[in-house]
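Since the structure comes first, as structure tokens, the remarks are kept for the end.
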Amino acid sequence: MAYSISKKFLTATSALLLLSMSSAPVIAAVSKGESFSALSAENGLSEAAKQYLLHYPSHSGVDGKTVREDTAAVFIPFGATPEGGWPVVVWAHGTVGVANHCAPSLNPRSDRDKQYLNTWLSLGYAVVAPDYAGLGSSGLHHYLNARGEAWSVLDGVRAALKQFPLKNELILVGQSQGAHAAFASAGYQPEYAPELNVRATVLTGTPYFEKGTTAADILPPAGNKVQTGGDPKIPYIFYIYLSAADSNPQLNPADYFQPKALPLLKEASNLCITPLNDEVMKAGLNAANSLKPGIDLLLNASVDTMLYPTLKIDHPVFIGIGSVDINVPTAMQKRFADAVISAGTQVDVHIYEGLDHSGTVNPSLRNSVPFLIKTLHDKP
């Protein structure tokens, strides 16, 4: 869905940039093991004056101990560097796949994401965009592993603050899987990276897993109708299984998937989300013809890795929800918002009527930018 930024919206630019110039400390020391190079122009953003591919050391959040090297893209806005450095939007991306070559820094970004990230750049924010462990780096990406996402994101921010003229004033921003990563990062940050100054978190299309989450929660039945076409959430189930199987090679896919789904499950370890989704829809894969009852046992065994460390965040959180989202069911997102509010987090929730998973992203800016201005003004 196309979305035009109004003049009223653009007047927020000056206020947002001025508010971001508070006296938060700047991290400037260069660390051994970090390196960066120019990001390929075709994978860049038009509102970035400079753009880089950053390699940085990180600790695996999957096993909690392995030292690894991850990657991130870094985008610097046009204009003179503000005193103290550029404030930072930390962009946590949505589902791209689990294979190395699916990393966002290695591919052109979608038109939706280009518009969204260019808006933040035009508002005077640098963008640090981690790929997550296993994307652009060694090993299989463990999909929706909350600690794995968070540690990689937070280590990427640490590295970027040391290498570039950035200010330690951070906004965690994420869509879909990225909303999961951003909220997990907000939860892990006080313990894992207490030196980072996170001012707010902005989420759209947020997945929410609880003890007892079932396949029906992820792939809810369409009323009393029998589903005959493909379901765009089947790739998510594939990626969850592949992540579990990477940790436990003894898993047998035939225990969880029907024969119709097995050929594409095998290909899913190499196919990025768009071609995989195309194949799923072409084959007409859905819960009824692809999953076995055992899939709930897999989800029960995997859910601990997908849980947020806490729902109580010590800074304001914006939650945008599309009213007709089928990728991350609207009902799941509403349960998430209710749970975060109940935990005592300061939350600003917006429902976007008639908008789906992807269509909510850019229209949400009309609310998330004023939310951020108010947050920066109220909380120096």
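The values are calculated or read from the model by the stated rules, or taken from the named source; none is laboratory data. This structure is a prediction, so every number in the text was calculated from the model and none was measured. No Cβ is skipped: glycine too gets one built from the backbone with ideal geometry, and neighbour counts run over all protein chains shown.
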Can you find even one residue in segment 365-378 that is buried (at least 17 other Cβ atoms within 10 Å of the Cβ), part of a loop (DSSP other than H, G, I, E, B) and either of a type in the set (F, W, Y) or more than 19 Å from the chain's Cα centre (by Cα) (or both)? no
Residue count for segment 56-76, restricted to those that are surrounded by 24 or more Cβ atoms within 10 Å (Cβ to Cβ), farther than 14 Å from H141 by Cβ and either among the hydroxyl-bearing types (S, T, Y) or without any contact (Cβ under 8 Å) to a residue 60 or more places away in the chain (or both): 3
Tell me, which helices (runs of 4 or more DSSP H) lie completely within segment 162-248 with 1 or more residues that are under 16 Å from the mean Cα position of the chain (by Cα)? 177-192, 234-247
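Output the number of residues of segment 89-121 satisfying the condition of being of a type outside the set (A, V, I, L, M, F, W, C), in a loop (DSSP other than H, G, I, E, B) and in contact (Cβ under 8 Å) with a residue 40 or more places away in the chain.
Step one: of segment 89-121, the residues of a type outside the set (A, V, I, L, M, F, W, C) are 93-95, 97, 100-101, 104-105, 107-116, 118-119.
Next cut, in a loop (DSSP other than H, G, I, E, B) only: 93-95, 97, 107-110.
Add one more test, that the residue is in contact (Cβ under 8 Å) with a residue 40 or more places away in the chain, and what stays is 93-95, 97, 107-109.
Of the residues in that region, 7 qualify.
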Take the residues in segment 57-72 that are among the charged types (D, E, K, R) and not in a strand (DSSP E or B), then tell me which one is nearest to A92 (Cα to Cα). D63
Tell me, which residue of segment 351-364 that is among the hydroxyl-bearing types (S, T, Y) and under 17 Å from the mean Cα position of the chain (by Cα) is surrounded by the fewest Cβ atoms within 10 Å (Cβ to Cβ)? S358
Any hit, segment 308-321, residues being surrounded by fewer than 19 Cβ atoms within 10 Å (Cβ to Cβ) and assigned to a helix (DSSP H, G or I): no
Within segment 186-199, is there a residue that is closer than 27 Å to L276 by Cα, touching a Phe, Trp or Tyr at 6+ places or on another chain (Cβ under 9 Å) and of a type outside the set (S, T, Y)? no
Yes or no: E169 surrounded by fewer than 16 Cβ atoms within 10 Å (Cβ to Cβ), of a type in the set (D, E) and over 16 Å from A150 (Cβ atoms)? no
Looking at V202, is it touching a strand residue (DSSP E or B) at 6+ places or on another chain (Cβ under 9 Å), in contact (Cβ under 8 Å) with a residue 24 or more places away in the chain, β-branched (V, I, T) and under 20 Å from P309 (Cβ atoms)? yes
Flagged pairs (Cβ under 7 angstrom, 6 or more apart or on separate chains; first in segment 232-252, in the same structural domain as G139 (by TED's automatic domain parsing) and at pLDDT below 95; second crowded, with 20+ Cβ neighbours inside 10 Å and of a type in the set (F, W, Y)) are none
Among the residues listed as G79, G85, G33, the single one being buried (at least 20 other Cβ atoms within 10 Å of the Cβ) and not aliphatic (A, V, I, L, M): G85
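Answer yes if at least one residue in segment 272-283 is on the phi < 0 side of the Ramachandran plot, basic (K, R) and not in a helix (DSSP H, G or I), and no otherwise.
no
Looking for something over 23 Å from L161 (Cβ atoms) and out of contact with any Asp or Glu (no Cβ under 9 Å at 6 or more places or on another chain) - is there at least one such residue anywhere in segment 85-97? Even if it seems obvious, please write down each step before you answer.
In the first step, residues of segment 85-97 are kept if they are over 23 Å from L161 (Cβ atoms); the result is 94-97.
With out of contact with any Asp or Glu (no Cβ under 9 Å at 6 or more places or on another chain) added as a condition, the list becomes 95, 97.
Scanning segment 85-97 turns up at least one residue that is over 23 Å from L161 (Cβ atoms) and out of contact with any Asp or Glu (no Cβ under 9 Å at 6 or more places or on another chain).
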Looking at (1) among the hydrophobic types (A, V, I, L, M, F, W, C); (2) surrounded by fewer than 24 Cβ atoms within 10 Å (Cβ to Cβ); (3) farther than 20 Å from T345 by Cα, which is the only condition L196 fails? (3)
Filter result for R366 (modelled with pLDDT of 95 or more, basic (K, R) and over 25 Å from Q189 (Cα atoms)): yes
